[in-house]
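Down below is the structure, laid out as structure tokens.
The values are calculated or read from the model by the stated rules, or taken from the named source; none is laboratory data. Because the structure is predicted, anything quoted here is derived from the model rather than measured. All Cβ positions, glycine included, derive from the backbone under ideal geometry; neighbour counts span all protein chains shown. Ligands, DNA and RNA are excluded from the accessible area calculation, which covers all protein heavy atoms including side chains. Shrake-Rupley method; radii C 1.70, N 1.55, O 1.52, S 1.80 Å.
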Amino acid sequence: MSENGQVPSHIAIIMDGNGRWARRKGLVRIRGHQEGVESVREITRECAKKHIKQLTLYAFSQENWKRPKREVNLLMKLLKDFLIRERGEIEENNIRLTAIGRITGLPEDVQRELAVSIEESKNNTGMVLCLALNYGGRSEIVDAAKNIAMSITSGKMVLEEITEETFKKFLYTCEMTDPDLLIRTGGEMRVSNFLLWEISYTEFWVTPVCWPDFRKKNLEEAIKEYASRERRFGGLRE
């Protein structure tokens, strides 16, 4: 809990810096990703304890497919292993797992384990943990536009019904609230095609700490900074 009690309801995280962390230590890049899993475990647990309602993690972007094939294969194996190993942790912490992105573009074995984890946790009533997988913010908007176009073509909608509110119903995140706080590790000052529609009024917090070193104290620092800010959503202070 922050000093004034203002805790973000929804935290989104761009988990950056795994490769740089490994390089600085003279290790292969995959070691950075492996260590990053420990950060995922700790931060997920801490967010659940702090009664954060939703945590969204940018786990694998569409752009990540451009990386060397060996690294991509290892990332998919890490993801599959994570889904299997963390089921007990997810259940113990009453977490409900969800995912956003073009999920059908993932390897079939990963899709299978993801489906099992989502199904097993669907009745949990605590924090929602959302993994953004094969995700791109622009693709999300394009997919929404295509689905709206099909709805109009089929007669289910008319042009005049398209508003910001109805558009949101066609996004991957239609059942989510927009993030209150976006954390980016690794020091880079960009959003990297993440939740482009949803972060219109999200508070940003960037740290030079690489993701494998991001722990409870860093999370608490981000929440404390968030609590000190005044959110006006384009309005004026009264």
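Observations on the structure shown:
- Some residue of the range 99-115 being in a loop (DSSP other than H, G, I, E, B) and open to solvent by 30 Å² or more (accessible area, probe 1.4 Å): yes
- The range 144-196, residues that are farther than 25 Å from residue 8 by Cα and among the small types (Gly, Ala, Ser): 144, 145, 149, 151, 154, 155
- Scan the range 73-82 for residues that are open to solvent by less than 50 Å² (accessible area, probe 1.4 Å) and either within 13 Å of residue 59 (Cα to Cα) or in contact with a Leu (Cβ under 9 Å, 6 or more places away or on another chain) (or both) and the total you get is 5.
- Number of positions in the range 139-185 that are under 19 Å from residue 57 (Cβ atoms) and either surrounded by fewer than 16 Cβ atoms within 10 Å (Cβ to Cβ) or out of contact with any strand residue (DSSP E or B) (no Cβ under 8 Å at 6 or more places or on another chain) (or both): 5
- Looking only at residues in the range 13-29 that are touching a residue at least 24 places away in the same chain (Cβ under 8 Å) and not in a helix (DSSP H, G or I), the one that is surrounded by the fewest Cβ atoms within 10 Å (Cβ to Cβ) is 15.
- Single match in 96, 85, 70 (criterion: open to solvent by 60 Å² or more (accessible area, probe 1.4 Å) and either aromatic (Phe, Trp, Tyr) or within 15 Å of the chain's Cα centre (by Cα) (or both)): 96
- Lone qualifier among 217, 224 - being open to solvent by 60 Å² or more (accessible area, probe 1.4 Å) and either without any contact (Cβ under 8 Å) to a residue 60 or more places away in the chain or part of a loop (DSSP other than H, G, I, E, B) (or both): 217
- Residue match in the range 30-53 (condition: outside any helix (DSSP H, G or I), over 26 Å from residue 177 (Cβ atoms) and open to solvent by 20 Å² or more (accessible area, probe 1.4 Å)): no
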